[in-house]
Amino acid sequence: MIKSVDLPNCHLIDGIEAGAEDIDILPYGLAFISSGLKSPAMKSFAPDQPGKIFLMDLNEESPVATELKISPGFDVDSFNPHGISTYIDQNDGTVYLFVVNHPQFKSTIELFRFVEEENVLEHLKTIRHDLLPRVNDIVALGPDSFYATNDRYFSGEIMGFLELVLDLALSNVIYYSPQEVKEVATGFHSANGISLSTDKNYVYVADILGHNIHVMEKHADWSLSPVKVLEFNNLLDNLFVDPVTGDVWVACHPKMWELMFYSPENPPGSEVIRVQNILSENSIVTQVYANNGSVLQGSSVACVYDGKLLVGTVFHRALYCELEKP
């Protein structure tokens, strides 16, 4: 039984009906939302519709979600977006959006340029690699480089099932650039969300089946070394680092069974936690929101900007909250 923790100023976002699996927010308040993820093992409320990327301007008094157009030439019909990450080129201000895509349930990384004046995503290229067979999430490091998590090592359904059942812990993190692709961390039960610390010196990886967050130090050659592991009781999905405070916001699944075997009579619940001082010996973990599925089902990401909180889900709706100022 999930004990509800409510926030006073929340509402479901109009127009998002088939999930908001991942969200990333630019420093000036534009939020990109990945919607419409489909998986053979997961519920979908729009199984015949392609995925979408929505945009919300959180500076507006009443923000609305607007679907972004994608430039001609990109196969929109097979678009199945998962994790996303933004990168701003400091030289010319270009905004890049990296999207984990699963056309025909395979894994690619789609690189887009955001054309703000036209609300268009211009598709630049598709990235495929043998070391990226089961990508879940991504964090951009440059205009064409990133870290990505593989939530399983084997891409085939049979071997992937055995990997989970036997708990082989082969899930990993891959560094990708046009010059070099390599494994930089392994041993996860199922690596999921990944994010960078505010100073870019540390990488945080959520292991959803390990019930923990791994803190890793990033080195000049892009390799990672373990620093500490924070243990939790629930299943951790995507991570978002508040650029102002450095707090890590985590969306959680209270019960995996309800998420995997969907029943409208017993829907999956949602939970949001905040981790303060994650690099210190005295990290503070606070439960910010919890719901039994009556409002929000299967929370997968939680992001904050200027006192506003967005909570996305794997396949359900998305929640917008105005947090009370401290």
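Using the Karplus equation 6.51 cos²θ - 1.76 cosθ + 1.60 (θ = phi - 60°), what ³J(HN,Hα) coupling, rounded to whole Hz, does each residue of segment 84-96 give in order, writing x for Gly and Pro?
Result, rounded to whole Hz: 9, 7, 10, 9, 10, 6, 5, 7, 10, x, 4, 9, 9.
Is there a quick way to get the dipole size of segment 168-304? I mean about its Cα centre, with the Cβ of Lys and Arg at +1 and of Asp and Glu at -1; what is the value in debye to the nearest 20? Mind dumping the intermediate values first?
Values: 6 positive and 14 negative charges, 7 e Å.
It works out to roughly 40 debye.
Tell me the Kirkwood radius of segment 15-240: reciprocal of the mean inverse pair distance over distinct alpha-carbon atoms, in Å.
After inverting the pairwise mean of 1/r, the radius is 17.9 Å.
Quote the charge dipole size of the chain about the Cα centre in Debye, to the nearest 20; the model charges only the Cβ of Lys and Arg (+1) and of Asp and Glu (-1).
In total the dipole reaches around 640 debye.
At 1.4 Å probe size, with every protein chain present, just tell me what the per residue accessible area of the chain comes to in Å². Intermediate values should be presented prior to the final figure.
On the way: 14550 Å² over 326 residues.
That works out to 45 Å² per residue.
So, taking all protein chains as they sit and a 1.4 Å probe, how much accessible area belongs to TYR176, in Å² rounded to tens?
Taking all protein chains as shown, TYR176 has close to 30 Å².
Which is farthest toward the positive dipole end of segment 15-240 among PRO178, ILE70, LEU239, measuring Cα position about the Cα centre, with Cβ charges +1 (Lys, Arg) and -1 (Asp, Glu)?
PRO178
Keeping the other protein chains in place, figure out the carbon and sulfur percent of the accessible area of the chain, with a 1.4 Å probe. Write out the running numbers ahead of the final one.
Values: 7280 of 14550 Å².
About 50 percent, which is the carbon plus sulfur part of the accessible surface.
Name the residue from ALA169, VAL314, ALA302 whose Cα lies farthest towards the positive end of the charge dipole of the chain, charges +1 on Cβ of Lys and Arg and -1 on Cβ of Asp and Glu.
ALA169
Going by Cβ distance under 4.7 Å, what cysteines of the chain have no possible disulfide partner?
If one checks each Cβ against the other cysteines of the chain, CYS252, CYS303 turn up with nothing under 4.7 Å.
Residues with beta-carbon under 11 Å from that of LEU121, excluding LEU121: net charge, scoring Lys, Arg +1 and Asp, Glu -1?
Numbers: positive: LYS52, LYS69, ARG113; negative: GLU67, GLU110, GLU116, GLU118, GLU122.
Around LEU121, the surrounding residues sum to -2.
Under 5 Å between amide H atoms, partner at least 5 residues away or on a different chain: which partners does GLY269 have, H built in plane at 1.01 Å?
Amide H to amide H, under 5 Å and 5 or more residues apart or across chains, GLY269 pairs with LYS255, GLY298.
On a 20 Å Cα-Cα criterion, which of the cross-link pairs LYS69/LYS106; LYS52/LYS182; LYS3/LYS255; LYS218/LYS308; LYS52/LYS125 come out too long?
LYS69/LYS106; LYS52/LYS182; LYS218/LYS308
Helix-only mean residue ellipticity at 222 nm, the chain, DSSP H runs n ≥ 4 weighted -39,500 (n - 2.57), per residue, nearest 500. What is it?
It lands at -1000 deg cm²/dmol.
Tabulate in residue order the Karplus-calculated ³J(HN,Hα) for segment 33-40, using 6.51 cos²θ - 1.76 cosθ + 1.60 with θ = phi - 60°, rounded to whole Hz; enter x for Gly and Pro.
Listing the rounded values in order: 10, 8, 9, x, 4, 10, 9, x Hz.
Specify the residue with the greatest mean-square fluctuation among HIS316, HIS211, HIS129, computed from a Gaussian network of the chain linking alpha-carbon atoms under 10 Å apart.
HIS129
Let me spell out the model: positive unit charges on the Cβ of Lys and Arg, negative unit charges on the Cβ of Asp and Glu, origin at the Cα centre of segment 124-202. What dipole size does that give, in debye rounded to 20?
Once rounded to the nearest 20, the dipole reads 180 debye.
The values are calculated or read from the model by the stated rules, or taken from the named source; none is laboratory data. What you see is a predicted model, and the numbers here were worked out from it, not measured in a lab. Positions of Cβ are backbone-derived with ideal geometry, glycine not excepted, and every protein chain shown enters the neighbour counts. These area figures cover heavy atoms from the full protein model, side chains too; ligands, DNA and RNA do not enter into them. Shrake-Rupley method; radii C 1.70, N 1.55, O 1.52, S 1.80 Å.
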